[in-house]
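Chemist: Provided herewith is a single structure, encoded as structure tokens, for subsequent inquiry.
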């Protein structure tokens, strides 16, 4: 089910962290055309002093920010990094490749796994 998330940060100092962290909450709005007044679906502390509140209401169904955009499906081409200076002179580097506007480059290094 699609949601429209809102994140609120810099809340009160959290006593559970001895004042080192401020409270934060993410509110996820869901469209439910059968819910006239709105209802709390769930609320949870997902991390210490960080909360997730899920609300359903018909009031968000027509809101422009709630309308889903269809993201294009893009191929993932993996390129093995080489330490050799003359390796793959004919191939383009990732930075030189023409990518669609919607694409993001995520650099993954072996030490992350």
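The values are calculated or read from the model by the stated rules, or taken from the named source; none is laboratory data. Remember, predicted model here, so these are calculated numbers, not experimental data. Methodologically, a virtual Cβ is constructed for each residue, glycine included, from the backbone with ideal geometry; neighbour enumeration extends over all protein chains shown.
Chemist: Taking the criterion of being surrounded by fewer than 10 Cβ atoms within 10 Å (Cβ to Cβ), in a loop (DSSP other than H, G, I, E, B) and modelled with pLDDT of 85 or more, would at least one residue in segment 65-79 satisfy it?
Modeler: For segment 65-79, residues surrounded by fewer than 10 Cβ atoms within 10 Å (Cβ to Cβ), in a loop (DSSP other than H, G, I, E, B) and modelled with pLDDT of 85 or more: absent.
Chemist: Hey, can you tell me all the residues within segment 5-34 that are crowded, with 17+ Cβ neighbours inside 10 Å and either assigned to a loop (DSSP other than H, G, I, E, B) or in contact (Cβ under 8 Å) with a residue 40 or more places away in the chain (or both)?
Modeler: 23, 32
Chemist: Just to be sure, is residue 95 in a helix (DSSP H, G or I), modelled with pLDDT under 90 and exposed (fewer than 11 other Cβ atoms within 10 Å of the Cβ)?
Modeler: Yes, satisfied.
Chemist: Please work out which residue is nearest to residue 7 (Cα to Cα), limiting yourself to segment 35-57 and to residues that are modelled with pLDDT of 90 or more and not in a strand (DSSP E or B).
Modeler: 49
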